[in-house]
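The values are calculated or read from the model by the stated rules, or taken from the named source; none is laboratory data. The structure displayed is predicted, hence computed values, not measured ones. Neighbour counts are summed over all protein chains in view; Cβ atoms, including those assigned to glycine, are modelled from backbone coordinates with ideal geometry. Protein only, heavy atoms only, side chains kept; ligands, DNA and RNA dropped before computing areas. Shrake-Rupley method; radii C 1.70, N 1.55, O 1.52, S 1.80 Å.
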Amino acid sequence: MKQYFSILPLILTASLVIAQGNKTTPPVVYEKIYLHTDRELYSPGDTLWFKSYLVSGISHKLLPGFKNIYVQLISPTGEVISNRLLLSVYGESHGDIALSDSLPEGQYTLRARTKYLENFGEGSYFHKRIRVNKPKSSLELDLQEEERPEGIEAMFFPEGGNLALNTTNYIAFKVISTDGRGIDASGVITNQQGDTITRFSARFLGMGRFTLMPKKGVRYYATIDGYPGSKQELGHILEGGYALHFKDEIRDVLFTVSRDITQTQPDTVCIEASHKGVSLLREEVAVENFTGAIRISKSRFPQGITKITLSDSHTKILAERLVFIDANYGNTVKVEADKGEYQTREKVSLYIEPLLASNDSVSSTLSISVVSEDYLGAAGMSQNIKSYLLLDSELKGAIESPALYFFDEEGITAAEKLDLLMMVQGWRSYYWDEVLKKMPEGLTGWDDAGLTISGRIKRLFRDKNVVGGKVTLTSFSPRLVAEETATDSLGRFSFTRMVLLDSAEVMITALNEKGKKRVELTNDSMRSYAKWVDTTILNQAVSKIGIPMKYYREIYLQQMAKNNFTFEKGAIILDEVTVIGSITDEDIYELTKPFYDVIPRRSYLISKADYKYKDIRGFIEGRVKSRWLDKYYAVNDRLLPRIFYVINSDFVYASRMWHDDLLSYFENIPLEKVYRIDLITIMKPSWF
């Protein structure tokens, strides 16, 4: 594969000033990574394709400049199966990971980070679960209905943080099985005498909510139906406490505060809203008798998660919760297919239209993957870029099927789902609270782009540094790189921000301060990668993917069709056919698109038959029959060869002004690394 080096400048994004309350903190720069994979379910031998998006953690816009992204595929046991180093160019890059035919089945984790995000820990990394499974016949599958889980866990979350005495409280709950998935469950709230106070049932992924007005001196217990051992007390009931309620009213949001119904003294409390640490608003709410309310337009909120804090006149926090605001932003792109149904191998045309106001515009990038719906998890697409940027990366802990929260379903709307998530998983788990604790001082890795190749030069046979020595780095690839630097007072050299795709041969040569070769070069080892990752952390970050039975059937049928392929009746099996044709030099020029303007006098596409020539010099002398390498111009007492090497768009005058090692390097490049050789006529340079 033909590779290239290039030297890339780094463009830094502007720092963002984060305000919390009325206090302005030093700038905090934060970023997010999202990997768009082609699907979620794979078989051994498949290839996992992905595209990366590196965006601002504040605006979710693509980050300009260049940045390294480190991608890993991690096995269920924590072993790192594959490492990929990508260069994000203005927020975009892409890659793939080939899954071995012998890869064991299981839940694998795709993990991505930048060196800068390492400052914030594992919670800031991108995580995505994929499932690898081998084809199975019906006899190998357990088709029995899923049994009721033996163990469950029920969790209860009062809205605002605590239960308030003698007022209406909304309490959210979630019931999960031992594997962490939400289950359809119901239960009952009783008092200490066993009297039923209210019943509750899950509405989405084991989540639901109910109301309760706690009375003084009464103890309350929750029990899940069918699990008598699940009984637990609902404690922490505050006297004089406040309850905070939120309601989405399409264009506006309504906040209601309530307190003990026995209180009659008027009071004033304050509601403050902040988004990613940036204060959005601060409004006073008059509480007459035991309740007060305020309606606020959604236009005052950005899309996504907002923290709502209720405090008294002395700034004491009374209640706090997260809310999700979707100010009718909707989709910004409309995608339509030209037909509803297609035949096998039929062309599909897509019509893409931006859904913007007439005076608005947007510059964006899109990626698309087209697969059978059978290659998605049992619950459908578990994650997409919207759910990741607005939910996964904002909340701590694994979110089950986050993409489903943005779709209305029969019996429950997307707004209701999101509010349940905010009450359950968003209860005191806002990731930005941790981000804002990180100060910019001491944070490293922001300028991590490309590779760094470094080392030391010392005197030959002596451990003495070469100061001011000349070091040259050269790489042969589709784009030539030839860089020079000098050693410092410690004899060290460094080439930074080098970009290398896949693999390429690099030659480093060194001379001492007098231009002599009597030196010894030692290069530093490249960055190593961890071979294992703590699976406990990964399991806390991402949920498992359920496999639909139809996926097993589809991949099994595909394998059977491949193994049992037979020709149709009457088919004729031909022996090997050799197709003979002719192609002109002009055809080669058009097909292979060289990087210079003149049509070559002759073009040679290198084939395996040409590998008999040891290198470029042997090819030119043997097949091209050129003696140019033996004829030189005399210029200023130097011998200059009449042959010029053109490596793609870079002209390299292989002259004796270059030291012998570098000239020999180009002439001795093996033909296995060459795609095409063109002979072009160039007039003698004016400097000859």
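Some points to look at:
- When residue 202 is tested against (1) touching an Asp or Glu at 6+ places or on another chain (Cβ under 6 Å); (2) open to solvent by 30 Å² or more (accessible area, probe 1.4 Å), exactly one condition is not met: (2).
- Output for the stretch 365-391, where each listed residue is of a type in the set (A, V, I, L, M, F, W, C), outside any loop (DSSP other than H, G, I, E, B) and either out of contact with any strand residue (DSSP E or B) (no Cβ under 9 Å at 6 or more places or on another chain) or open to solvent by 40 Å² or more (accessible area, probe 1.4 Å) (or both): 385
- Taking the stretch 77-105 as the range and being out of contact with any Leu (no Cβ under 9 Å at 6 or more places or on another chain) and closer than 22 Å to residue 539 by Cα as the test, the residues that pass are 77, 79, 103, 104, 105.
- Taken over the stretch 332-374, the criterion of being at pLDDT 75 or above and hydroxyl-bearing (Ser, Thr, Tyr) is satisfied by 342, 344, 349, 351, 365, 367, 369, 372.
- Residue in the stretch 254-264 that is without any contact (Cβ under 8 Å) to a residue 60 or more places away in the chain, among the basic types (Lys, Arg) and within 16 Å of residue 161 (Cβ to Cβ) present: no
- Filter result for the condition that a residue is surrounded by fewer than 20 Cβ atoms within 10 Å (Cβ to Cβ) and at pLDDT 90 or above, over 24, 47: 47
- Listed by first and then second residue, the pairs with beta-carbon distance under 6 Å, at least 6 apart or on different chains, first residue in the stretch 609-623 and within 15 Å of residue 679 (Cα to Cα), second outside any helix (DSSP H, G or I), are 616/669; 619/613; 620/626; 622/613.
- Across the stretch 392-415, the number of residues qualifying as open to solvent by less than 40 Å² (accessible area, probe 1.4 Å) and in a loop (DSSP other than H, G, I, E, B) comes to 7.
- Residues that are touching a residue at least 60 places away in the same chain (Cβ under 8 Å), open to solvent by less than 80 Å² (accessible area, probe 1.4 Å) and in a loop (DSSP other than H, G, I, E, B) within the stretch 504-528 comprise 504, 524, listed in sequence order.
- Residue 70 meets the conditions (1) more than 16 Å from residue 116 (Cα to Cα); (2) buried (at least 18 other Cβ atoms within 10 Å of the Cβ) in every case but one. The failed one is (1).
- Residue tally, condition assigned to a strand (DSSP E or B) and either in contact with a Phe, Trp or Tyr (Cβ under 8 Å, 6 or more places away or on another chain) or at pLDDT 95 or above (or both), over the stretch 202-220: 7
- Search result, residues across the stretch 529-544 that are assigned to a helix (DSSP H, G or I) and loosely packed, with under 12 Cβ neighbours inside 10 Å: 536
- Candidates 280, 310 - the one that is among the aliphatic types (A, V, I, L, M), open to solvent by less than 80 Å² (accessible area, probe 1.4 Å), free of Cβ contacts under 8 Å to residues at least 60 places away in the same chain and outside any loop (DSSP other than H, G, I, E, B): 280
- Just one of the numbered conditions (1) buried (at least 18 other Cβ atoms within 10 Å of the Cβ); (2) at negative phi is not true of residue 186: (1).
- Which listed residue is under 25 Å from residue 156 (Cα atoms) and at pLDDT below 90, from 275, 236: 236
- Residues of the stretch 173-201 classified as in a loop (DSSP other than H, G, I, E, B) and closer than 28 Å to residue 544 by Cα, total: 7
- Boolean, residue 157 is assigned to a strand (DSSP E or B), in contact with a helix residue (DSSP H, G or I) (Cβ under 6 Å, 6 or more places away or on another chain), of a type in the set (Phe, Trp, Tyr) and under 28 Å from residue 401 (Cβ atoms): yes
- Only listed residue being closer than 21 Å to residue 420 by Cα and surrounded by 15 or more Cβ atoms within 10 Å (Cβ to Cβ), chosen from 212, 238: 212
- Residues located in the stretch 96-116, provided they are outside any loop (DSSP other than H, G, I, E, B), open to solvent by less than 40 Å² (accessible area, probe 1.4 Å) and not β-branched (Val, Ile, Thr): 106, 107, 108, 110, 111, 112, 113
- So residue 451, is it modelled with pLDDT of 70 or more, of a type in the set (A, V, I, L, M) and closer than 20 Å to residue 204 by Cα: no
- Residues being touching a strand residue (DSSP E or B) at 6+ places or on another chain (Cβ under 9 Å), open to solvent by 80 Å² or more (accessible area, probe 1.4 Å) and at pLDDT below 90 - total across the stretch 482-502: 1
- Qualifying positions in the stretch 249-277 - among the hydroxyl-bearing types (Ser, Thr, Tyr) and not in a strand (DSSP E or B): 262, 264
- Candidate set from the stretch 117-155 (those that are closer than 21 Å to residue 307 by Cβ and buried (at least 19 other Cβ atoms within 10 Å of the Cβ)); member that is modelled with the highest pLDDT: 124
- Of all residues in the stretch 241-268, exactly one satisfies the criterion of being polar (S, T, N, Q), open to solvent by less than 60 Å² (accessible area, probe 1.4 Å) and in contact with a Phe, Trp or Tyr (Cβ under 7 Å, 6 or more places away or on another chain), namely 258.
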